[in-house]
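What follows is one structure encoded as structure tokens, with my remarks underneath.
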């Protein structure tokens, strides 16, 4: 077994035991959860790890926000990443020992294939989106676009992005997307599914629509930009969190303090999110 594999194996053993592993003076802090938050936390961990020698932060975005919350509650992870608050049903299931730390803001963007955008679909209302995802609207011509079937991509269960879309667009958290053509496990899969099709639609984080052959459309007449997210006029805006189970230990606190400090908040902006104090809703 390689030294890296050995360290990873030992990290799992110690985390499952409910503590962050300490090996030869090096404490390992494991972070799992939201694929939306992951790019920020991953870059932050790289910078943090280079700045000191006593703590090693490792990051994985498998499973989404729900998995990150579950992993923290079960002791599998030191810190969870989430693009939503811990829900009441999760508190009822795991207990009321979560500690949430707001590290920034993102927006859920509605994106379509470039050909659909250039074909005339540049704005969608809530009712139109609900029509697509409940299966009642199946052709782009009904929305002012080309005569093509709609290829709708939805998120799998447990996604913070999916939860926000279901609550704010579809009207309820637990809803079945009858109009979905396929499902994506994370933002990267969602982006790939949209860009590989000429007639697709999906929803994903703000930083995932900044480049590539897809276009973010306006929602209820407002395009997602740093300004509209900041002032709250773009309605599909959400907080980004890191979460611990109980008060963080020294290693966890050091990394959270980094995320909330000047260096971490600068990285929030570089990644394409907005800093924790950026939004001013009326």
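Any read-out appearing in this document is the output of simple, stated calculations on the displayed coordinates, not a laboratory observation. What you see is a predicted model, and the numbers here were worked out from it, not measured in a lab. FYI the Cβ positions are ideal-geometry reconstructions off the backbone, even for glycines, and counts take in every protein chain you see.
For this structure, a couple of remarks:
- For the pair residue 225 and residue 147 in one chain, pulling the backbone fully straight at 0.36 nm per residue adds 25.1 nm over the alpha carbon distance.
- Each of 38, 168, 56 was scored by other Cβ atoms within 10 Å of its Cβ. Arranged with the fewest first, they read 168, 56, 38.
- Seen from all directions on average, the chain presents a Cα convex hull projection of 15.3 nm².
- Between residue 126 and residue 88, the simple label model (points 7 Å from Cα in the Cβ direction) yields a spacing of 2.0 nm.
- Modelled label positions at residue 269 and residue 198, each set 7 Å beyond Cα in the direction of Cβ, lie 4.2 nm from each other.
- Estimated [θ] at 222 nm from DSSP helical runs (n ≥ 4, -39500 (n - 2.57)) normalised by residues in the chain, nearest 500: -10000 deg cm²/dmol
- Approximate spin-label separation residue 247-residue 168, in nm, with each point projected 7 Å along Cα-to-Cβ: 3.5
- 0 to 90° range, to nearest 10: angle between helix 262-271 axis and the chain longest Cα axis: 30
- Residue exposure proxy: 161, 182, ordered by other Cβ atoms within 10 angstrom of their Cβ from fewest to most, comes out as 182, 161.
- The Cα-based radius of gyration of segment 107-237, divided by its Kirkwood radius, gives an Rg/Rh of 0.92.
- The mean sequence distance of close C-alpha pairs (under 8 Å, at least 6 residues apart), as a share of the length of segment 23-99, puts its relative contact order at 37 percent.
- Full extension of the chain between residue 47 and residue 262 gives 76.1 nm of extra length, using 0.36 nm per residue less the Cα-Cα distance.
- Between helix 3-16 and the chain: long-axis angle, C-alpha atoms, 0 to 90°, nearest 10: 90
- Highest-fluctuation residue, 95, 158, 202 considered, GNM on the chain with Cα pairs under 10 Å: 95
- The angle between the Cα long axis of helix 250-260 and the main principal axis of the chain comes to about 40°, on a 0 to 90 degree scale.
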